[in-house]
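Peer 1: First, the structure itself, so that you have it in front of you.
The values are calculated or read from the model by the stated rules, or taken from the named source; none is laboratory data. Nothing here was measured: the structure is a model prediction, and the numbers come from that model. Methodologically, a virtual Cβ is constructed for each residue, glycine included, from the backbone with ideal geometry; neighbour enumeration extends over all protein chains shown.
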């Protein structure tokens, strides 16, 4: 029996139908500009497999958020060039915004976020982009393209209120584009909690979250193209995300850079649980 490609968490029902679902989920499995570890184009299938094997009751929020309906729409398979991917993703996101559903995306590498973010800040000029990441990703261009994964939030830094959290790796050439007051380095966050409220205080009411899984420490998230030591652990991350969802109007998010490791299922389970947690927070607060 063939699985329905539009079903999230393996649970069939009318809640998944486009007209009923409050959430749209789209895969953008592009991995064309990653410069070290490859495999992010295989992340979504691993994520879906893990999501079918997780408990759907969330203890923390006392909810089963899948009932809100998550409709998996057709993936974007464009891969001719970074520029072509950007244009396709950008125009696609513009169309999706007209649906007024909660939009979620799964990479692929981090370059897929550039077009999404542009569509969001054009539709909502007062939006904050919250980047959770090990890397600043502020290069204006890299390897001849402004749509490289190393450029993931440069455009956002020029056109939106960018908050960067978990950073612990960057090139000195990016310093001129870094807003030090809105960047929270992992070394300064370690063992502290004041960065949570401080960063939230610098956000506007509307927020879009772009989450690179390498923001987590490689001890719990080794399955990513460019792992960096000294990353975030699970509980501080979900505590922070819950605060953001409680205090701000999160309009959508993406999760990127899951590159599965054969024989190791924990990373994709973390990604599935993280996605489910973020939806649980969204609908706990705003329903």
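Peer 1: Considering each of 252, 263, 231 in turn, give the residue that is more than 18 Å from residue 27 (Cα to Cα), crowded, with 20+ Cβ neighbours inside 10 Å and at pLDDT 95 or above.
Peer 2: From the options 252, 263, 231, the qualifying one is 231.
Peer 1: Restricting to the range 59-77, what's the tally of residues that are closer than 16 Å to residue 274 by Cβ, surrounded by fewer than 20 Cβ atoms within 10 Å (Cβ to Cβ) and under 20 Å from the mean Cα position of the chain (by Cα)?
Peer 2: 0
Peer 1: If we keep just the residues of the range 143-167 that are under 18 Å from residue 31 (Cα atoms), crowded, with 21+ Cβ neighbours inside 10 Å and out of contact with any strand residue (DSSP E or B) (no Cβ under 6 Å at 6 or more places or on another chain), which is modelled with the lowest pLDDT?
Peer 2: 149
Peer 1: Of all residues in the range 78-114, which are under 14 Å from the mean Cα position of the chain (by Cα), in a helix (DSSP H, G or I) and touching a residue at least 60 places away in the same chain (Cβ under 8 Å)?
Peer 2: 110, 111, 112, 113
Peer 1: Continuing with the same structure: Anything in the range 180-198 that is under 23 Å from residue 157 (Cβ atoms) and either touching a residue at least 40 places away in the same chain (Cβ under 8 Å) or touching a helix residue (DSSP H, G or I) at 6+ places or on another chain (Cβ under 6 Å) (or both)? List them, or say none.
Peer 2: 183, 184, 186, 187, 189, 195, 196, 197
Peer 1: Could you please let me know if residue 281 is touching a helix residue (DSSP H, G or I) at 6+ places or on another chain (Cβ under 8 Å), touching a residue at least 60 places away in the same chain (Cβ under 8 Å) and within 25 Å of residue 150 (Cβ to Cβ)?
Peer 2: No, not satisfied.
Peer 1: Assuming residue 228 fulfils every condition listed in (1) more than 22 Å from residue 156 (Cα to Cα); (2) free of Cβ contacts under 8 Å to residues at least 24 places away in the same chain apart from one, which condition is it?
Peer 2: Of the numbered conditions (1) more than 22 Å from residue 156 (Cα to Cα); (2) free of Cβ contacts under 8 Å to residues at least 24 places away in the same chain, the odd one out for residue 228 is (2).
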